[in-house]
Amino acid sequence: MKGKLSGSLFIWICCLTLGMGSMGDQVTVKAPAPDRNFVATVVDQDDVSLDLENFSCAGKTFITGKMGKAELSIDFEKIRSILLVEKRERLTAMVTLEDNQQIELDVEQDVPCFGSASFADVRILAHDIKKVVLHGIKQANE
C-alpha cells in the first residue's frame, strides 16, 4: 500500500512539474497603431535591415531626448534619418532633418520601437538600432 501511494505521489509530482518549464521566452509582438502610418527602414546593430510600416517609438511618432539641459520632441515628419551611437555610456541620436540640419540628442536606451513588416510585427529597443531612415507617411489608399 505504501509503495502504491509513493508511486502515485511520484507520478503526480512529475505531471505537475513537467508543465512548469518553458521553451524560452516566447513573447507575442503586437505593434501599436500610431496616429500616423510612417514608413521606415530600420537597420539594427547587426546590419539587419527591415522595411516597416506604422513605425513608432513607444507608440509615438516623434523622437524625444535631451540637448544639454533642454528636453526636445521632434516629429517624424521633420526627420530624414536617425543614426544611433553609444557615447560615454549614453545613447546619442544624430538626427538629420528634412532641411539637412543635424541635431544631436541623448535618448533613452530602452525605448521600444515598433513597426509592421510584410511578414511580422516588430519590436526593437533603441539601443539595438543603428539607423532609421524615414520615408514619410503612407496614405491609406497606397
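A few comments on the model shown:
- Meets criteria (assigned to a strand (DSSP E or B) and open to solvent by less than 30 Å² (accessible area, probe 1.4 Å)) for L105: yes
- Qualifying position, being in contact (Cβ under 8 Å) with a residue 40 or more places away in the chain, more than 19 Å from Q45 (Cα to Cα) and surrounded by 15 or more Cβ atoms within 10 Å (Cβ to Cβ), among F62, F114, F76: F76
- Within the range 82-99, being open to solvent by less than 20 Å² (accessible area, probe 1.4 Å) and touching a residue at least 40 places away in the same chain (Cβ under 8 Å) holds for I82, L84.
- Taking the range 77-92 as the range and being within 18 Å of H135 (Cα to Cα), out of contact with any Asp or Glu (no Cβ under 6 Å at 6 or more places or on another chain), in a strand (DSSP E or B) and not β-branched (V, I, T) as the test, the residues that pass are S81, L83, L84.
The values are calculated or read from the model by the stated rules, or taken from the named source; none is laboratory data. This one's a predicted model, so the numbers in the text were calculated from it and none came from an experiment. Reconstructed Cβ throughout: ideal geometry from the backbone, glycine too, with neighbour counts over all protein chains shown. Areas reflect the complete protein model, heavy atoms only, side chains present, ligands, DNA and RNA absent. Shrake-Rupley method; radii C 1.70, N 1.55, O 1.52, S 1.80 Å.
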